Amino acid sequence: CFVHNILVIKNFGCMTSKAQLIEKFYTAFSKLDHVTMNSCYSDDIVFFDPVFGLLKGNEVKYMWEMLCKNANDFSLTFADITDLDEEYSTCKWVATYTFSKTGRRVVNTIKANMRFADGKIIEHSDGFSLHQWSKQALGITGVLFGWNSFFQNKIKNSAKRNLLKFIESKT
């Protein structure tokens, strides 16, 4: 077993292959290495988060590529990798970056849940407060309207449009 300075394993045993894969994924993300990140996923990966919604397969991989290539002043930490059972693990991670549209600093605290099969991540969901994110990223507009589902849908639709444009430019 080895100890990583930002990694805490709750079961205090040797790292499982799932924990090693999570560490590989987030270490690569901290270096904005989307190729290594995406190598941790199965080809039919299913992903969900509050901004992009449900993505599948190459959509997920293009999302990470887009986010890595567009990142400004980015840093990432992760901790508390926990095996929930034979298939599922969870961890916490924090992304700190400058939101490009507003130039505002964002510190987004996220809880990831992942499902594994055949040595790959087959399902990945990230949970965080879209309202908290919008307050940081959008300032007073996010403070006033970030709780509103209509406003949140505008954020989601914009993110999805940006992803579709990115995918179009790559294919």
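The values are calculated or read from the model by the stated rules, or taken from the named source; none is laboratory data. On a predicted model such as this, the values are computed, not experimentally measured, just so you know. Cβ sites come from the backbone with ideal geometry, for glycine too, and all protein chains shown count toward neighbours. Heavy atoms of the whole protein, side chains included, go into the accessibility calculation; ligands, DNA and RNA do not. Shrake-Rupley method; radii C 1.70, N 1.55, O 1.52, S 1.80 Å.
Numbers at a glance
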| item | result |
| --- | --- |
| Accessible area expressed per residue, the chain, with surrounding protein chains retained (probe 1.4 Å, Å²) | 54 Å² |
| Accessible area (Å², 1.4 Å probe, nearest 10) - Tyr88 | 80 Å² |
| Largest-first ordering by accessible area, 1.4 Å probe, given options Val94, Val106 | Val94, Val106 |
| Sulfur and carbon atoms: percent of accessible area, the chain [1.4 Å] | 55 percent |
| Test item: Cα-centred dipole of the chain, Lys/Arg +1 and Asp/Glu -1 on Cβ, debye | 860 debye |
| Relative contact order computed over the chain (Cα-Cα under 8 Å; 6+ residues apart), in percent | 20 percent |
| Part-to-part distance (alpha-carbon centres) for the stretch 94-171 and the stretch 29-47, which is given in Å | 17 Å |
| Ranking by accessible area, most exposed first, for Asp83, Asp126 with a 1.4 Å probe | Asp83, Asp126 |
| By accessible area with a 1.4 Å probe, ligands and nucleic acids excluded, highest first: order of Arg104, Arg161 | Arg161, Arg104 |
| Candidate lysines for bridging to Lys61, where Cα separation is under 22 Å - those fewer than 8 sequence places away on the same chain excluded | Lys18, Lys24, Lys31, Lys69, Lys92, Lys111, Lys120, Lys156, Lys160, Lys165, Lys170 |
| Solvent accessible area, Å² - Leu144, 1.4 Å probe, full protein context | 100 Å² |
| Paramagnetic reach from Ala117 (point 7 Å along Cα→Cβ, amide N under 17 Å) across the stretch 60-89 | 85-89 |
| The stretch 62-149: GluC sites (Glu not before Pro) in DSSP coil with no more than 13 other Cβ atoms inside 10 Å | Glu86, Glu87 |
